Every structure is written in C-alpha cells, then in structure tokens.
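Accompanying notes for the structure given below.
The values are calculated or read from the model by the stated rules, or taken from the named source; none is laboratory data. Note that the structure is a prediction, hence the values are computed from the model and not measured. For neighbour counting, all protein chains shown are included, and Cβ atoms are generated from backbone atoms with ideal geometry for every residue, glycine included. Just so you know, the surface numbers come from the protein's heavy atoms only, side chains and all, with ligands and any DNA or RNA stripped out. Shrake-Rupley method; radii C 1.70, N 1.55, O 1.52, S 1.80 Å.
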Amino acid sequence: MTGRWPVHPHIQPYVRLDYLLWNVEATGLGRTLAKDSGGSAGFAVGVQFPIKSIYGIKAEVSGYNNVSGADIRQLSLGATFEF
C-alpha cells in the first residue's frame, strides 16, 4: 500500500507499507544444503519527482526487520512510469 501527497507539481513525498515473503533452498552436489522461508513487514519513505505526466524519477529509503535473522536497509534511486 502506498500513500502519496502531491505537495507540489514536481515533488510528491510518499510512504509505503508492504510484506516480503521468501522460500529458498540451496543445493549442491545433488543434495540440499540449506532451506529457509518466512516473511517480514517492510516500510519505505520516498519522494517522486514527476518530469512529465507519465514519467519521472524517485528516491526511496526502505527497510525490513528479521529477514532470516538479518535486518535489511536500502536506498534506491529509480524511474517511474505511470499509465
């Protein structure tokens, strides 16, 4: 779920809540070496910079806690396309 606020035509802050699910298996030499599965809630804060009505750029900081025993923090830059 993402919530955006159009504070300015060229700056749109947002927050996002999501849920990460994983189910992985590592194999080697014909046998299973490790298995793991689980889920973790995620939270992100970012800002979009629309360039035209259908595309723009964005910057986001996100995080997930206890993903197979580790906390994940991420900074991402990307493109947005809306249609």
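Please state which of the following conditions Ser53 fails to meet, knowing it meets all the rest: (1) exposed (fewer than 10 other Cβ atoms within 10 Å of the Cβ); (2) part of a strand (DSSP E or B).
(2)
Within region 60-75, which residues are open to solvent by 30 Å² or more (accessible area, probe 1.4 Å) and part of a strand (DSSP E or B)? So that I can check it myself, show each step before the final result.
As a first pass, look at region 60-75 and keep what is open to solvent by 30 Å² or more (accessible area, probe 1.4 Å): 61, 64-66, 68-75.
Of everything in region 60-75, those that are open to solvent by 30 Å² or more (accessible area, probe 1.4 Å) and part of a strand (DSSP E or B) turn out to be Val61, Tyr64, Asn65, Asn66, Ala70, Asp71, Ile72, Arg73, Gln74, Leu75.
Please find, within region 1-48, the residue that is least open to solvent (accessible area, probe 1.4 Å) out of those that are in a strand (DSSP E or B) and touching a residue at least 40 places away in the same chain (Cβ under 8 Å).
Keep residues of region 1-48 that are in a strand (DSSP E or B), which gives 2-4, 8, 11-28, 31-48.
From what is left, the residues that are touching a residue at least 40 places away in the same chain (Cβ under 8 Å) are 4, 16, 20, 22, 48.
Numbers: Arg4: 107, Arg16: 51, Leu20: 58, Trp22: 44, Gln48: 25 Å².
So, considering only residues that are in a strand (DSSP E or B) and touching a residue at least 40 places away in the same chain (Cβ under 8 Å), the one least open to solvent (accessible area, probe 1.4 Å) is Gln48.
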